[in-house]
Amino acid sequence: MRYFPVFMDLQQQPVLVVGGGTVAERKIRLLLKAGANVRVVAGRLSENVEAWKAEGRIEHVGASWNGHFLEGARLVFAATNDPDLNREVFNSAEARCIPVNVVDNQDLCRFISPAVVDRSPVQVAISTAGTAPVLARRLRGWIERLLPQNIGRVAAAAGRVRERVKQALPEPERRRFWEMQLSDRRLLGWAGKTTSQIGADMILSMRNRERQQGPGKVFLVGAGPGRADLLTLRALEVLGRADVILHDRLVTDEILDLARRDADRIFVGKQAGNHHRTQQQIHRIMLEQARVGKTVVRLKGGDPFIFGRGGEELEVLRSQGIEYEVVPGITAALGCAAYAGIPLTHRDHAKSVTFVTGHFSAEQASGAINWKGICGQDRTTVIYMGAGQARNIRSGLLEAGISQDLPVALVMDGTRDTQQVVNGTVDTLPTLAQAAGKGVPALLIIGQVAALGSNLGWFTEQTELKTAA
């Protein structure tokens with residue numbers, strides 16, 4: 001992030017604008033709207049700037065540049081058609097540590113002006129770090145159409161009653177109150193109301209909720225296979241409401257960055273032979289946090305109900321009377337196969353698909369698992385976390401009479417920018433698994449469809465295993 005986003009209070013603050021043409025006029029218009037005391041240095045003024053001068057809205061301090069005009073300025077804009085003058089203004093402001101912006105010259109900007117959606121007091125600023133101003137304006141147009149027209153009145157009403165709510169309701173009941181007030185349904189219902197009417201509605205709701213604090217709610221949320229843009233809209237909404245997030249090791253920083261910034265984050269990751277928290281400890285933390293009224297998000301890689309122990313966690317919550325909701329996610333088998341170009345079912349190659357966990361012993365691999373029933377020429381078998389069991393899986397498959405030439409694909413870091421796919425066969429499974437580094441999420445896909453990714457893969461290049469096991 002090159003630019004630090006900030007909203008600056010310029011009410012009654014001196015801001016210097018060097019230039020008086022149409023480009024400078026656009027900056028002056030926004031500065032006046034923000035309540036700034038605008039000083040202008042320019043030999044010629046546009047018609048509108050001249051009118052603002054006549055009305056006393058701006059101060060025309062000089063026709064030619066002099067460094068002493070910078071005295072006391074909070075910000076400086078240079079908007080002339082003289083590159084040398086613009087650079088001189090920039091250097092003078094920099095020497096005085098005054099933030100300066102030379103319009104349309106990113107190299108001479110200590111700050112940049114974003115495209116703005118103004119629903120005061122709600123403001124949305126959009127920036128492309130100066131690389132594509134037209135794109136920023138296009139994004140502004142999209143957001144303009146999405147934001148309710150009355151959102152500013154709602155924000156103003158919330159500001160008026162905020163202190164009363166703070167005095168009346170304890171945390172986290174207060175947060176749940178605001179989440180209810182700012183729901184889509186309430187926003188639509190306030191479409192034709194004034195700020196005072198909206199505030200009165202909020203106060204009435206607050207009085208009805210006083211001293212009604214109860215236990216919080218737990219959301220079991222599937223984070224998907226790794227990419228943040230594969231989160232469901234509901235998952236994104238819930239992350240924005242969380243007071244506490246319990247996340248496992250497969251949840252990426254990219255996804256966690258989408259959560260409420262002040263939410264408490266508790267890592268509860270588990271890995272073979274290295275459990276940061278036991279399942280019982282996870283249950284205890286969820287219950288403790290929910291019982292004090294917090295909104296708890298149990299964030300799991302993939303889907304909570306596909307090898308995620310989500311059922312066990314719901315049983316505990318149900319037994320303790322804690323409210324819960326499940327937000328499904330894209331499970332690894334679906335996400336990794338799609339990004340590897342491997343259709344899990346195919347009319348010509350696979351009539352069924354089976355998901356299997358790779359957490360089993362060597363004895364289970366050779367006896368307890370019915371490989372002949374779940375694996376073969378006309379079906380697909382997906383093994384989660386199976387790379388470490390590759391040798392046992394190979395033995396179990398061969399003992400069950402599965403062809404050693406049946407195609408296999410190993411997908412590592414599926415859907416992420418670091419995704420790798422290696423293709424081989426049942427016979428080469430042990431060597432195939434060596435490609436997976438320690439701790440790297442890896443998925444095994446066994447069946448005729450596994451070979452299709454070599455032609456249908458679209459996200460990353462695939463590698464054909466050359467070395468026999």
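Candidates Ala93, Ala79, Ala54: the one that is without any contact (Cβ under 8 Å) to a residue 24 or more places away in the chain and in contact with a helix residue (DSSP H, G or I) (Cβ under 8 Å, 6 or more places away or on another chain) is Ala93.
Table: residues versus (1) farther than 18 Å from Ile374 by Cα; (2) touching a helix residue (DSSP H, G or I) at 6+ places or on another chain (Cβ under 7 Å); (3) assigned to a helix (DSSP H, G or I).
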site	(1), (2), (3)
Thr418	yes, no, no
Val421	yes, yes, no
Gly424	yes, yes, no
Ile445	no, yes, no
Ser454	yes, no, yes
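Could you check Asp201 against (1) loosely packed, with under 13 Cβ neighbours inside 10 Å; (2) of a type in the set (Asp, Glu); (3) outside the structural domain of Lys294 (by TED's automatic domain parsing) and say which number it fails? If we test Asp201 against (1) loosely packed, with under 13 Cβ neighbours inside 10 Å; (2) of a type in the set (Asp, Glu); (3) outside the structural domain of Lys294 (by TED's automatic domain parsing), just (1) comes out false.
The listed residues are Arg138, Arg176, Arg162, Arg186, and the only one of them that is basic (Lys, Arg), surrounded by 17 or more Cβ atoms within 10 Å (Cβ to Cβ) and not assigned by TED's automatic domain parsing to the domain that holds Phe77 turns out to be Arg176.
Across segment 399-420, the qualifying residues are those that are touching a residue at least 40 places away in the same chain (Cβ under 8 Å) and closer than 15 Å to Ile383 by Cβ, and the one among them that is nearest to the chain's Cα centre (by Cα) is Gly414. Selection of first residues in segment 101-124 that are in a helix (DSSP H, G or I) and of second residues that are at pLDDT below 90, restricted to Cβ pairs under 7 Å at least 6 apart or on distinct chains, gives the following pairs, ordered by first then second residue: Gln106/Gly130.
For the criterion of being within 24 Å of Ala263 (Cβ to Cβ), modelled with pLDDT of 90 or more and in contact with a strand residue (DSSP E or B) (Cβ under 6 Å, 6 or more places away or on another chain), Val116 fails. Of the residues examined, Gly189 is one that is among the small types (Gly, Ala, Ser), more than 22 Å from Glu163 (Cα to Cα) and more than 22 Å from the chain's Cα centre (by Cα). Scanning segment 45-74 for residues that are of a type in the set (Asp, Glu), surrounded by 11 or more Cβ atoms within 10 Å (Cβ to Cβ) and assigned to a helix (DSSP H, G or I) turns up just one, Glu50.
Exactly one residue out of Thr425, Thr431, Thr460 is farther than 19 Å from Gly302 by Cβ and at pLDDT 95 or above: that is Thr425.
All conditions but one from (1) out of contact with any helix residue (DSSP H, G or I) (no Cβ under 9 Å at 6 or more places or on another chain); (2) farther than 30 Å from Tyr3 by Cα; (3) touching a residue at least 24 places away in the same chain (Cβ under 8 Å) apply to Asp184; the one that does not is (3). Where helices (runs of 4 or more DSSP H) fall entirely within segment 212-293, those with at least 2 residues that are modelled with pLDDT of 90 or more, within 26 Å of Met1 (Cβ to Cβ) and aliphatic (A, V, I, L, M) are at 233-239, 253-256. Return only the number of the condition from (1) buried (at least 17 other Cβ atoms within 10 Å of the Cβ); (2) touching a helix residue (DSSP H, G or I) at 6+ places or on another chain (Cβ under 9 Å) that Gln434 does not satisfy. For Gln434, the exception is condition (1). Scan segment 454-465 and give yes if some residue there is crowded, with 24+ Cβ neighbours inside 10 Å and more than 32 Å from the chain's Cα centre (by Cα), otherwise no. Looking through segment 454-465, none of the residues is crowded, with 24+ Cβ neighbours inside 10 Å and more than 32 Å from the chain's Cα centre (by Cα). The one condition from (1) farther than 30 Å from Lys217 by Cα; (2) within 28 Å of the chain's Cα centre (by Cα); (3) in a helix (DSSP H, G or I) that Asn86 does not meet is (2). Taking segment 310-416 and the helices (runs of 4 or more DSSP H) fully enclosed by it, the elements with 3 or more residues that are modelled with pLDDT of 95 or more are at 310-319, 332-340. Among the candidates Gly240, Gly192, single out the residue that is outside the structural domain of Ala157 (by TED's automatic domain parsing) and under 20 Å from Ile151 (Cα atoms). That would be Gly240, the only listed residue that is outside the structural domain of Ala157 (by TED's automatic domain parsing) and under 20 Å from Ile151 (Cα atoms).
Applying the condition of being in contact with a strand residue (DSSP E or B) (Cβ under 8 Å, 6 or more places away or on another chain) and of a type in the set (S, T, N, Q) to segment 442-457 and asking which residue is modelled with the lowest pLDDT yields Ser454. Taking each residue of segment 276-288 that is closer than 11 Å to Arg309 by Cβ and looking for partners that are charged (D, E, K, R) and in a loop (DSSP other than H, G, I, E, B) with beta-carbon atoms closer than 9 Å, six or more apart or interchain, yields Gln279/Arg309; Ile282/Arg309.
The values are calculated or read from the model by the stated rules, or taken from the named source; none is laboratory data. Because the structure is a prediction, the values reported are computed rather than measured. Using ideal geometry, Cβ is built from the backbone for each residue, glycine included, and neighbour counts are taken over all protein chains shown.
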